[in-house]
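Working notes, beginning with the structure itself.
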Amino acid sequence: MKYTSPILFLYIFLLLTGFGTKGFSASPEPAHAVLRIAEKTFVEGEKVRLGELAEIHCDIAELRQRIENTVIGNSPLPGKSGYFRRSNIVPALHRRGIDVSRIRFVIPDTILVTRSCVIVSEKEIEEIVRNFLSGALKKKCPKAKIRSVRAEKEIVLPAGKRSHRISLPENVRLSGKVPVSVQFLVKGSPEKEIIIIAELEIRSTALITLKPLGRYKPITEKDVEIREMDADDIPSDALLSVQDVTGKRARRKIPAETVLRKDLLEQIPLIKRGDIVRLIAESDSLRITTLGQARNKGGRGDRIRVINLDSRKMIYGEVENANTVRIDF
């Protein structure tokens, strides 16, 4: 019986079980991470990070986090696209101090990156402004109404939770064209601010002529009506009730559909220039009556010049009726 050396026996055992090959032959170390990126992908933030761009397989948590936070460039504008190359990725990892020799890349040479976005339409912007103004007018100016709100164009915002802030200029008059500031926020950060012009009106009433009125024509109730209209179209000295035109006449020709103003009318003269009138001056304990001559015409309540026929002095008084002028005393 031949003797077999224990060393030879051990060597044969290692060869048969495979340990010899594994133990004595060199092989490359396995990759620590695998990065897969599609040819087309979407991002949301202002920076393009590998965490958004790539599918990362890595069991080492700290390394995976460093790879995810690696920035390879700026994102396109919301809704726009841009190209990145494979050559942009390796240097970015190097700058983070990551050993790229232990990473396996499954990446195309060119990657199309599109920034996700949200589009806010003109109609939606107008509705936002209308809702705000409805609440503001109810508190500050209940008589005001919204005539129109117009947004010029849609706006494009980054993807994410959206909110907005709306404000009016301080001490703004809630009538006519009013600028409304609308600020859009995404994830709580301001992104875009626009100005929308809203047209508001305050409704009020005024006295309107129903037909043309000739010069010196006395005004009657049939000549006018009270009409509701935009307060901006009503002059500050407009007449507001039928009582305001009682006993008055047109100072000059007045077209139909005219808002009547004080300067368009005058009292129907009770006294004409040259009329002989009675002058009355009185106090609590004294009353003086004499005759005078009117130097100009006047209606009830008008102040006119008169000459005292006794003293021949020019004095002023208020027309009381067709033959009496009350003198200041």
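Quick notes on this one:
- Complete set of residues in region 262-297 that are within 16 Å of Met314 (Cα to Cα), surrounded by 17 or more Cβ atoms within 10 Å (Cβ to Cβ) and of a type outside the set (Val, Ile, Thr): Asp275, Leu279, Ala281, Gly292, Ala294, Lys297
- Selection from region 281-302 of residues that are under 21 Å from Gly247 (Cβ atoms) and out of contact with any Gly (no Cβ under 7 Å at 6 or more places or on another chain): Asn296, Lys297, Gly298, Gly301, Asp302
- Selection status of Phe105, part of a strand (DSSP E or B) and either within 17 Å of Leu157 (Cα to Cα) or in contact with a Gly (Cβ under 7 Å, 6 or more places away or on another chain) (or both): no
- From Glu320, Glu228, residue being among the acidic types (Asp, Glu) and over 30 Å from Ser175 (Cβ atoms): Glu320
- Set side by side, the residues Ile202, Ile111, Ile119 differ, and just one is buried (at least 16 other Cβ atoms within 10 Å of the Cβ) and at pLDDT 90 or above, which is Ile111.
- Looking only at region 298-321, and only at residues there that are modelled with pLDDT of 90 or more and assigned to a loop (DSSP other than H, G, I, E, B), the one that is surrounded by the fewest Cβ atoms within 10 Å (Cβ to Cβ): Arg312
- Any chance Leu93 is outside any loop (DSSP other than H, G, I, E, B) and out of contact with any strand residue (DSSP E or B) (no Cβ under 6 Å at 6 or more places or on another chain): yes
- Highlighted here are the strands (runs of 3 or more DSSP E) found entirely within region 215-290 that include at least 1 residues which are of a type outside the set (Lys, Arg) and in contact with an Asp or Glu (Cβ under 6 Å, 6 or more places away or on another chain): 224-230, 265-267.
- Residues that are touching a residue at least 12 places away in the same chain (Cβ under 8 Å) and either out of contact with any Ser or Thr (no Cβ under 9 Å at 6 or more places or on another chain) or part of a strand (DSSP E or B) (or both) within region 159-174 comprise Lys161, Arg162, Ser163, His164, Arg165, Ile166, Ser167, Leu174, listed in sequence order.
- Applying the set (1) under 27 Å from Arg300 (Cβ atoms); (2) in a strand (DSSP E or B) to Val180 leaves exactly one unmet item: (1).
- Looking across region 139-158 at every residue that is within 30 Å of Leu77 (Cα to Cα) and part of a strand (DSSP E or B), the one that is farthest from the chain's Cα centre (by Cα) is identified as Pro158.
The values are calculated or read from the model by the stated rules, or taken from the named source; none is laboratory data. Note that the structure is predicted; figures quoted are calculated from it, not measured. Backbone-built Cβ (ideal geometry, glycine too); neighbour counts: all protein chains shown.
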